[in-house]
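Report on the structure given below.
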Amino acid sequence: MFKKILVIVSITISCIEPFAQKVENPPAWADTAIWYQIFVERFRNGDPSNDPTIKNMNIPGLMQYPQNWKLSNWTSDWYGRSNWEEQLGKGFQETLAFRRYGGDLQGVIDQLPYLKNLGINAIYLNPINHAPSLHKYDASSYHHIDVHFGPDPEGDLQIMASENPGDPSTWKWTKADLLFLSLLEKAHAMGIRVIVDFSWNHTGTLFWAWQDVVKNQQQSKFKDWYDILSWDNQSTSENEFKYHGWLNIPSLPELKKVNIQGTRKTGYPYIGDIHPEVKKHIFAASQRWLAPYGDQSKGVDGFRLDVADHIGTTFWKDYRKFVRSINPQAYLIGEIWWAEWPDSLMDPAPYMQGDIFDAVMFYQTYRPARYYFAKTDFSINHKQLQEALNFEWSRIPERFRKNMMNVSSSHDAPRLLSDFYNPNKYKFQATPNDNPNYKTGKPDAATYQRVKLYLLHHFTTLGAPHIWNGEEMGMWGADDPHGRKPLWWKDLNFEPETRDNYTRKTNFKDPVGFDESHFTYYQQLIQIRKSEKALQHGKIEFKDHESIFAYSRKLDDEEVLVLCNANQIVATYDLPKQSKWINLMNNQVYEGKSIKLEPISGLILKRIRQ
C-alpha cells in the first residue's frame, strides 16, 4: 500500500556569477549543421517484436495502466479513442500520456537514408535512456538505452539486474545499448552527427538510486543524492516522506544542488553545483556515451541538456571541461527558455561566454518571426522584426552565432502549420484543452503559403536550421502532447483525422499523410543552404525598405539577398544598379532593376560576379 508523498519545490532568487573572459570555440562542424530532432517513440516502428508492455511502463503509486491496454495503431485517427482509453476514466489529453506506438532505434536506422536524402547532417535525439514514460525525462538509468528501443527487452533487463548501477566497473552493454552504438556508426558513415538529450536535473522514481532511498530511507547510501525534506516514521501509519520534485511533479525527484551562492530565480543563472557523488555518476554516464570502449570515434557528438537553467553554473563549467577532455569537438546545447511564461524568454548571454554551452535552443528568434510571418493577434511589421532579431543576436557573441540551434517547433511546442494557423500568443493556450477555439485540423492554403515564406527565412538567416521530425512531411498538431503524433510515412495509409478535435462534436475528417510537395520544398531549401557558403558563414545585414523584410548574407565576394513580403499587397524592391542576380529557387536571372514580389512571397537571390 502506497502512502501519500508530499512533493515540495524550492523557489530561489538570482545571483549572477562573474563569467570568464576566455571564449572557447564551439566545434567547427556545428556551423554547417542542418538539425533534425527525433522523438524515437513516434518516429518509426522498425521492430514490432520489442513493443512496450504494461509491466515496464507502470510507475507504482503514480501511473497505472489498465489491464486491457494495447499498443496504439500507428495509422489510426489521433483523436479516436480505443476501448481501454474509454475505460481509463481520464480526459482525452491525459489519456495521451498512456499511449505507445512502438517507435524504436531500428526505425531510426532504417530511415537514415531518408534523412540523408532530405539533406540532414545532424540529429538531435530526445531522451533514449531507460525510463517508463513516453518522454523519458524520468530516467531509470542514465547508462542504459531504454530496453524497448532495442531488440531484446527481457534479456536487457536481466543484464541490467546483474550490475551494481552505482559502480561503473560493473556496467555491461545491453542489446539496446549496442544497437544505439550501431546507429551511431551508420550515421557517422553517412556524415551525420548525433547528439542525445539528458536531464541531469532530476531522475524518475524508478531510478535505481531513488528506489534505494525510498526503500531504506535515511539508511540509504544514496540519501544525499536528493533533497529529502523529511523521512518516513515507520511507527506511524502516515507517510512523512517528503522531497523536492521538479516543478512539483512527483515522478521527477530533483537531484541535490550544493554550494549555491545566493539564491535562484528562473530565468537567470546562479552559482551552484550538483552533489559530488551524483556529479561523479553523471560524468561516468557521459563518458560511457562519449567514448564507448574508450573510443571517442564510436561515441555521441554531444549533448542537449534539459532545463539547464535549473542547474548552477559551477556544475556546467566543470561539465564542459570534462566533456571536452574526452571529445574536443563535442557540442553542448542547453535548454534556456522561459523567464516568465508566457510573456518573456530568457537572456541566453550568460550561458554563451565560451565556458558553458556552445549554443542554446534559440526559440528567442522564432517568436518575433512568427508574429511577422503568421497572421496572429500579435502581428508586428518588418521593421519591428528587424529590431527584435538585432536585439536577440546582439546578445550572442559573434563566434557562437553560426551554430545556434534555431528552433521553431519541437516536442514542447506546436507544429509550425498549426502554430501559423492559430492567432494565439506564442505557446499560450495552444491546445484544445486550454482553448476550445484552437484549430487542430488541416490548415488552410494561406497558412501553408505563410509557413513556406517563413521557412525561406529560416534556412537563410543566421544560426543553424532545425527541423522537428515530421514537419517536412506536412504534419500539423497543437502544443504538447499533440505535436507528438506518429510520423506520416509515405508507405503507410492513415485513417482520416477528426477535424474539430475532441472539444467539438462534428464528423468532418481530414485526410492525412505524407505531403510530397512540402518535403520537396524543405529539400530544396536545405540544398540551397548547404551549397551557399554565404548562408552558412556570412554576416547578416538588414536592408531598409518601406514594406519588404530584406537582408543580405555576405562572405568575402559572395552575397545572397533574401526578400520577404508578408503583406497582402504587391511590393517592389529596387536592386542595386548594374548588378546581376540569379534566383536560387528557379534559376531566373535579374539585372539591376525593380523586382515585384507578390503577396506572401519571397526570393533568394545570389549576386552574379561580373
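The values are calculated or read from the model by the stated rules, or taken from the named source; none is laboratory data. Keep in mind that this is a model prediction, so the values were computed, not measured. As a convention, Cβ positions derive from the backbone with ideal geometry for all residues, glycine included, and neighbour counts pool all protein chains shown. Only protein heavy atoms, including side chains, enter the accessible area calculation; ligands, DNA and RNA are left aside. Shrake-Rupley method; radii C 1.70, N 1.55, O 1.52, S 1.80 Å.
Taking the Cβ of Pro414 as the center, what net charge do the other residues with Cβ under 13 Å away carry, scoring Lys and Arg +1 and Asp and Glu -1? Surrounding charge for Pro414 is +2. With protein chains left intact and a 1.4 Å probe, residues in segment 166-268 average 45 Å² of accessible area per residue. Exactly which trypsin sites (Lys or Arg not before Pro) in segment 482-574 are in a DSSP loop and have at most 16 other Cβ atoms within 10 Å? Hits after loop and neighbour filter: Lys490, Arg499, Arg504, Lys505.
What's the longest bit of the chain with no exposed GluC sites (Glu not before Pro), using DSSP loop states and at most 12 other Cβ atoms within 10 Å as the test? Value returned for the longest uninterrupted segment is 239-545. The mean accessible area for residues of segment 406-493, using a 1.4 Å probe and ignoring ligands and nucleic acids, is 24 Å² per residue. Within a straight-line Cα-Cα reach of under 13 Å, Lys321 can be paired with the following aspartates and glutamates, leaving aside sequence neighbours fewer than 8 residues apart in one chain: Glu24, Asp355, Asp358.
For segment 397-453 versus segment 114-188, the inter-centroid distance based on Cα atoms is 30 Å. Loop-located chymotrypsin sites (Phe, Trp or Tyr not before Pro) in segment 456-550 (DSSP state other than H, G, I, E, B) with a sparse environment of at most 16 neighbouring Cβ atoms within 10 Å: Phe508. Among the trypsin sites (Lys or Arg not before Pro) within segment 323-431, those in coil by DSSP and having at most 13 neighbouring Cβ atoms inside 10 Å are Arg395. Lys280 sits among other residues whose Cβ lies under 14 Å from its own Cβ, and their net charge, with Lys and Arg +1 and Asp and Glu -1, is -1.
Across the chain, Cα pairs under 8 Å and at least six residues apart give a relative contact order of 14 percent. Each stretch of four or more DSSP H residues adds -39500 (n - 2.57); spread over every residue of the chain, this sum gives -7500 deg cm²/dmol at 222 nm.
At a probe radius of 1.4 angstrom, the accessible area of segment 285-377 per residue rounds to 27 square angstrom. Taking the 1.4 Å solvent-accessible surface of the chain as the whole, the part contributed by carbon and sulfur is 50%. Cβ-Cβ distance of Ala446 and Asp318, R₀ of 45 Å, FRET efficiency by 1/(1 + (r/R0)^6): the value works out to about 0.35.
Spacing of the modelled spin labels on Ser162 and Lys530, each 7 Å from Cα toward Cβ, amounts to 4.2 nm.
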